[in-house]
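The values are calculated or read from the model by the stated rules, or taken from the named source; none is laboratory data. Keep in mind that what you see is a predicted model, and the values were worked out from it rather than measured. Please note: Cβ atoms are built from the backbone with ideal geometry, for glycine as well, and neighbour counts cover all protein chains shown.
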Amino acid sequence: MEGLLGRKMGMTRIFTEKGEQLPVTVLEAGPCVVVQRKRRETDGYEAVQLGFAERKASRTNRPLGGHYKKAGVTPKGVLREFPVEAGEAVQAGDTVTAAIFEGISHVDVQAVTKGKGFQGVVKRHGFAGGPITHGGHSKRRPGSIGCRTWPARVHKNKRMPGHAGHVRVTQQNLQVVAVRPAENLLLVKGAVPGPVGGVVAIRKALKKANKSS
Amino acid sequence: MIQKIISQIDREQTRKEPLAPIAVGDTVKVHVTIREGDKERVQPFSGTVIAIRRGVGGGSFVVRRVSHGVAVEKIFPFQCPHVTKVEVESKARVRRAKLYFLRGRSGKQARLSRKE
C-alpha cells in the first residue's frame with residue numbers, strides 16, 4: 001500500500017529526545033476501506049480505490065450506492081485511488097490503517113489549500129508591486145503586462161489578479177514523527193496544506209528512499 | 001472532536017508535576033539534563049529570570065547570567081523534559097514584566113533590589 005486518505009487535525013508541538021521543540025501537524029490517517037480493486041486485466045492498471053469517512057446511505061445516490069454495495073462496505077464520503085503492485089493481496093472490503101506508515105521516514109501529503117478569494121498580483125503571485133512612496137501610483141498594481149504594436153496582445157498565461165488558493169497542492173518529504181495506528185494518528189513535521197478538518201491524501205514519499213518500502 | 005485529539009497530544013507532552021513557581025526577577029538554578037555520548041548528567045544554570053512568556057504549550061522563561069564578563073541568556077520551555085528542576089535562590093522587587101533593560105547594564109547597575 002502506497003498511501004491512504006485522512007484528515008488534518010491541526011498543529012501542535014512535541015519535544016524530541018534532544019529536548020528540542022518540533023512543530024508537528026496531527027493527521028487522522030484512515031482507517032480507509034478498499035472499495036474497489038482495479039486490475040490490469042479488467043481496468044488496464046493496478047490500483048485500489050479507497051474510501052474514507054462515513055456518509056449517510058440516504059445521502060448516497062443509487063449508482064454510487066450500488067458501487068459500495070458491490071464492495072460490501074458502508075457508503076463513504078471520499079473516494080480516491082492509490083497505486084498498488086500487481087501481486088499485492090488486497091481486495092474490496094479490506095481495511096487500511098495508519099500502520100502502513102510504520103517504519104517510513106517521510107511522506108507526501110496532498111490537500112486542497114485554503115481559498116483566498118479574488119486576490120491581486122502581490123498576494124497571488126508574489127509580485128513586488130510599485131513604489132509606495134515618492135509619488136508612487138502603482139502601489140500594488142502589476143505594472144506593464146506586455147509589449148506594443150507587436151504582438152498587440154497579452155501573452156497567454158500572463159500572471160494577473162484572480163482567484164487565489166483552493167488548489168490541490170502536494171507537500172513533499174514531510175518527516176514522520178510518530179505513527180499511532182491504535183488512534184489512527186500520524187504526526188508529521190511541519191505544516192500541511194488546507195484547513196483543519198480538511199481531507200488529505202497521504203502517501204509514502206516518492207523522492208525519499210524509505211527503508212522498509 | 002478534533003480539538004480533543006490535539007489537546008490529548010499536548011497533555012502527553014505536559015510534565016506530571018509542575019516546576020516550582022518562579023517570578024520575573026528571581027535568581028534561579030535550572031537543572032538541565034545533558035547527554036554526552038551515551039551518558040546523561042545534570043548541569044545547573046543559574047541566573048536571573050528576565051522574562052516569562054505564557055502561551056499555548058506552557059510558555060517559556062528566559063534566564064540571564066553573566067559569567068567571565070560574557071552575558072548568556074537561555075530560553076527554557078516550562079514543559080521541556082530536559083528541565084528537571086528549578087530552584088529559586090532569591091527573589092527581587094521588580095516593577096516590570098520584562099527585565100530587558102538589564103541587557104544594557106553591567107556591574108552595580110545591573111543589580112535588583114532584594115525582596116524578603
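Structure above, values below:
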quantity: Residue in the stretch B:10-17 that is assigned to a strand (DSSP E or B), closer than 30 Å to residue A:7 by Cα and within 14 Å of chain A (Cβ to nearest Cβ) present; calculated: no
quantity: Residue ID - surrounded by the fewest Cβ atoms within 10 Å (Cβ to Cβ), chosen from residues in the stretch A:7-54 that are among the polar types (S, T, N, Q) and not in a helix (DSSP H, G or I); calculated: A:16
quantity: Residues located in the stretch A:16-33, provided they are within 10 Å of another protein chain (Cβ to nearest Cβ), within 15 Å of residue A:101 (Cα to Cα) and not hydrophobic (A, V, I, L, M, F, W, C); calculated: A:28
quantity: Subset tally (residues that are closer than 13 Å to residue B:84 by Cβ and either assigned to a loop (DSSP other than H, G, I, E, B) or in contact with a His (Cβ under 9 Å, 6 or more places away or on another chain) (or both)) for the stretch B:19-30; calculated: 2
quantity: Scope the stretch A:24-72; condition basic (Lys, Arg) and closer than 28 Å to residue A:196 by Cα; matching residues; calculated: A:55, A:56, A:59
quantity: Every residue from the stretch A:164-179 that is at negative phi and either in contact with a strand residue (DSSP E or B) (Cβ under 6 Å, 6 or more places away or on another chain) or buried (at least 16 other Cβ atoms within 10 Å of the Cβ) (or both); calculated: A:164, A:168, A:170, A:171, A:172, A:174, A:175, A:176, A:177, A:178, A:179
quantity: Test: residue in the stretch B:41-56 that is hydroxyl-bearing (Ser, Thr, Tyr) and closer than 19 Å to residue A:16 by Cα; calculated: no
quantity: Condition check for residue B:8: touching a strand residue (DSSP E or B) at 6+ places or on another chain (Cβ under 9 Å) and of a type in the set (S, T, N, Q); calculated: no
quantity: Residue check, residue B:42 over 20 Å from residue B:112 (Cα atoms), surrounded by fewer than 11 Cβ atoms within 10 Å (Cβ to Cβ), among the β-branched types (Val, Ile, Thr) and within 14 Å of chain A (Cβ to nearest Cβ); calculated: no
quantity: Test: residue in the stretch A:110-128 that is part of a strand (DSSP E or B) and either modelled with pLDDT under 90 or polar (S, T, N, Q) (or both); calculated: yes
quantity: Condition met for residue A:158 (outside the structural domain of residue A:77 (by TED's automatic domain parsing) and either under 27 Å from residue A:52 (Cα atoms) or in a loop (DSSP other than H, G, I, E, B) (or both)); calculated: yes
quantity: Strands (runs of 3 or more DSSP E) (entirely within the stretch B:46-116) containing at least 1 residues that are surrounded by 12 or more Cβ atoms within 10 Å (Cβ to Cβ) and within 14 Å of chain A (Cβ to nearest Cβ); calculated: B:60-67, B:70-77, B:83-93
quantity: Among the candidates A:84, A:96, A:90, A:34, residue that is in the same structural domain as residue A:198 (by TED's automatic domain parsing), of a type in the set (Val, Ile, Thr) and at pLDDT 90 or above; calculated: A:34
